[in-house]
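Below: the structure, in C-alpha cells.
Here, each number is a calculation from the coordinates, and none is a lab measurement. Predicted, not measured: the structure shown is a model, and the values here were computed from it. Ideal geometry is used to build each Cβ from the backbone, glycine not excepted, and the neighbour counts take in all protein chains shown.
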Amino acid sequence: MTIMSKGIYELPESARFVKISSVSLEKQSGNDKTKRTGEKIAIVLPTYNERKNLQLLIPGIEDIFDRYGINGHLIIVDDKSMDGTADIAIRFARAYRNITVIQRPGKLGLGSAYRFGFKQALKMGMDLIFEMDADLSHRPSYIPKFIACLKKYDADLVIGSRYCKRGSTENWPFLRKLISFGANFFTHIALGVSQTRDMTSGFRIYKAKTLQAIDYNALTTNGYAWQIETLYRTKLVRHKIREIPIIFHEREFGLSKLGRDDVKEFVFFLFKAFLYRISRVLR
Ligand SMILES: Nc1nc2c(ncn2[C@@H]2O[C@H](COP(=O)(O)OP(=O)(O)OP(=O)(O)O)[C@@H](O)[C@H]2O)c(=O)[nH]1
Ligand SMILES: [Mg+2]
C-alpha cells in the first residue's frame with residue numbers, strides 16, 4: 001500500500017464547477033432497468049483513479065441488480081481522476097442507463113464526495129443509499145445481504161464489519177491491520193459506539209430518512225473521518241445501527257488515497273468528539 005500525501009480541500013466544493021451526466025435522466029425508450037419498480041436503491045461510489053477497478057466493479061454490481069431484481073442506481077462521484085475513470089464511467093452510463101456520473105474539478109476528499117453523492121441520491125428520490133469503495137475491496141455479492149439485514153431488523157444503518165464473527169480482511173499487510181485496529185480502538189473510546197466493532201468501515205447502507213436526520217449536509221469532515229462522524233451522528237439521533245460480517249479484500253489495482261490530511265482530520269475529529277462526549281456526561 002502506498003500512501004499518497006496529496007493536499008486536498010483547497011477550495012470549498014460549492015465554489016467549483018461540477019458536471020453531472022445522467023443518461024437515465026434523459027428521455028430513453030425500451031430500457032428495462034430504468035423501468036424497475038420497488039424501493040429505489042442508490043450506490044454512491046467515490047472514485048479517484050480507479051479506472052481498472054471500475055471496469056470490473058460496475059458489471060459486477062449490475063449483475064447483482066439483475067439477479068435480485070433490485071431497483072438500483074449508481075452514482076459515481078469522480079474528482080478529476082487522471083487515469084480516465086470518468087470516461088469509463090460515462091461509457092458504462094450510456095450502456096446501462098441507471099448510472100449518474102458526477103465530475104468534480106479536483107480532489108476534494110472522500111467525505112466531501114459522499115456528501116455530494118448523497119445530495120444527488122436524495123434529489124433523485126432514493127429510499128436506501130449505499131456507501132461503497134470503488135477499488136473492489138467491497139464485493140457486490142454483499143449488497144443483497146445489507147438490504148436483507150436492514151429489513152429484518154428494521155435498521156436505519158447497516159455496516160459491513162471486518163471485525164465481527166465471520167468478518168475478516170484478506171491480503172492486508174501487518175501495518176495496514178495495525179492502523180485499522182488502532183483507528184477502531186480509539187474511535188470506540190472516543191465515541192462510545194457499541195453497535196458495531198468496525199466503526200471506520202466504508203461499506204454501508206443508510207435509510208434516506210437517517211441521512212436527513214443526521215443533517216449529513218452540515219457535517220464538518222471532508223476526508224476519511226466522514227465515516228466516524230456519520231456513525232456518531234447516527235448514534236446521537238438514536239437511529240438503529242446493525243452490522244453484518246464482510247470479507248474485505250486488499251485492492252489489486254491502483255493506490256490507496258489515504259493522505260496525511262485525512263489522518264490529521266481523523267485525529268482532530270476524534271479529539272473534538274471525545275471532549276463533547278465528556279461534557280455531555282458532566283452536564
Ligand atoms: N471522489 C473521490 N474519491 C475518493 C477520494 N479519496 C478516496 N476516494 C475513493 O474512495 C474509495 C476509498 O479509498 P481508498 O484509497 O481505497 O481507501 P482505503 O480503502 O481506506 O485504502 P486502501 O485499503 O489502501 O485501498 C476509493 O474508491 C477511492 O477511489 C477523493 O478525494 N475523492
Ligand atoms: Mg480501498
Cα shape, the range 146-226, gyration tensor, a/c 1.5 rule: oblate
Between helix 51-68 and the chain: long-axis angle, C-alpha atoms, 0 to 90°, nearest 10: 80 degrees
Interchain or long-range residues, amide H under 5 Å from residue 243's placed H: 159
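What's the whole-number percent of alpha carbon pairs in the range 13-282 lying beyond 23 angstrom?
Details: 18269 of 36315 pairs.
Above the 23 Å cut-off, the range 13-282 has 50 percent of its Cα pairs.
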Proximal aspartates and glutamates to residue 235, defined as alpha-carbon separation beneath 16 angstrom and excluding residues fewer than eight positions away on the same chain: 154, 156, 198, 215, 243
Helix 143-152 vs. the chain, principal-axis angle (Cα, 0 to 90°, nearest 10): 60 degrees
With Cα atoms, 0 to 90° folded angle of helix 226-236 axis to the chain main axis: 70 degrees
Per-residue ³J(HN,Hα) for the range 186-198, Karplus 6.51 cos²θ - 1.76 cosθ + 1.60, θ = phi - 60°, Hz, x for Gly and Pro: 6, 5, 4, 5, 6, 9, x, 8, 10, 6, 9, 9, 10
Separation in nanometres of the label points that stand 7 Å from Cα toward Cβ, at residue 39 and residue 275: 4.0 nm
Derived scalar couplings ³J(HN,Hα) [the range 266-277; Karplus, 6.51 cos²θ - 1.76 cosθ + 1.60; whole Hz; x for Gly, Pro]: 4, 5, 4, 5, 4, 4, 4, 5, 5, 4, 4, 5
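Take the residue pairs 40/107; 145/240; 40/80; 177/264; 123/207 and return only those whose Cα atoms are more than 24 Å apart.
Details: 40/107 29 Å; 145/240 17 Å; 40/80 28 Å; 177/264 19 Å; 123/207 14 Å.
Checking Cα-Cα distances, 40/107; 40/80 exceed 24 Å.
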